[in-house]
Each structure stands twice: as C-alpha cells, then as structure tokens.
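The values are calculated or read from the model by the stated rules, or taken from the named source; none is laboratory data. All figures in this text were calculated on a predicted structure; none of them were measured in a lab. All Cβ positions, even for glycine, are placed from backbone atoms using ideal geometry, and neighbour counts span all protein chains on display.
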C-alpha cells in the first residue's frame, strides 16, 4: 500500500509499504529473465562461432600469401639460372627468406625432372594455408 504525499506532514519522508503480489505474478520476472538469456544465447553463440571460423580462414589466407611470396621469389632465382645447379630428382629446398618464420611447420620441396623445375610449399597440417606450387619450364 502506498501512502499519498497529501496525507503526509510537510518534510516527512515518503513511506512505501510493499503490497503482497498474487501467486500468479511471482514467477513473471524469473520467466522473463530466462527467456532473455535464451534469446541472447541463440543470437550470440552463432556469432561467436562465425567469428572463430573467419579468424581461422584469415590466418590460412595469411599463411598462403607468405608461402606464395617466398615460392615466387625463389622461382625467380631459379629462373635466372640457379636451376642449372639443381640435380635431377626431388628433395627439400633451403630458402633464404626470413619471412618463413611466420609460416606454420612445413617444408619446401624442389623437383627437377627433364626440362621442368617445380617448387612447392607443403604444410605439415591441413588448414594451415594449403599447398603452394609453381612450375617452370627451362630451356
């Protein structure tokens, strides 16, 4: 029960007396809270997983871009004449780029077969940028 101000003496504090709620109104606030939390979870969780997936995809593109830059640069060196020093067959290739420290674990493989030279970067795990391959036909 609320006492109106007109019934109080001037300067006296306002006194609020809580009124008892009927039984059917007691769980309304709790029900509203549960529904709000459920709606929040339904909206926020898919967004969080979407951002996580997009972050992994961006990281894979970053790794692939680094590997492409390195492989393209090394292919230019091979095209300039360094291919003549490479024996026939397949083996690991030592690169000179310092940016390779930003790559996940993997290896560069060089293959020379007849008139073709192939340089590729192969990551150890899937989802880490993928394989980057460049081939060159030499005279």
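Looking across the range 92-115 at every residue that is touching a strand residue (DSSP E or B) at 6+ places or on another chain (Cβ under 6 Å) and part of a strand (DSSP E or B), the one that is farthest from residue 137 (Cα to Cα) is identified as 106. Please determine whether any residue of the range 70-90 is surrounded by 10 or more Cβ atoms within 10 Å (Cβ to Cβ), free of Cβ contacts under 8 Å to residues at least 12 places away in the same chain and not in a helix (DSSP H, G or I). No. I'm trying to understand the selection: among the residues of the range 116-132, which are under 30 Å from residue 59 (Cα atoms), free of Cβ contacts under 8 Å to residues at least 24 places away in the same chain and outside any loop (DSSP other than H, G, I, E, B)? Scanning the range 116-132 gives 118, 122. Evaluated against (1) at pLDDT 90 or above; (2) in contact with a strand residue (DSSP E or B) (Cβ under 7 Å, 6 or more places away or on another chain); (3) over 30 Å from residue 108 (Cα atoms), residue 36 falls short on exactly one condition, (2).
Among the residues making up the range 81-91, those that are touching a strand residue (DSSP E or B) at 6+ places or on another chain (Cβ under 8 Å) and farther than 15 Å from residue 131 by Cβ are 83, 86, 87, 88, 89, 91.
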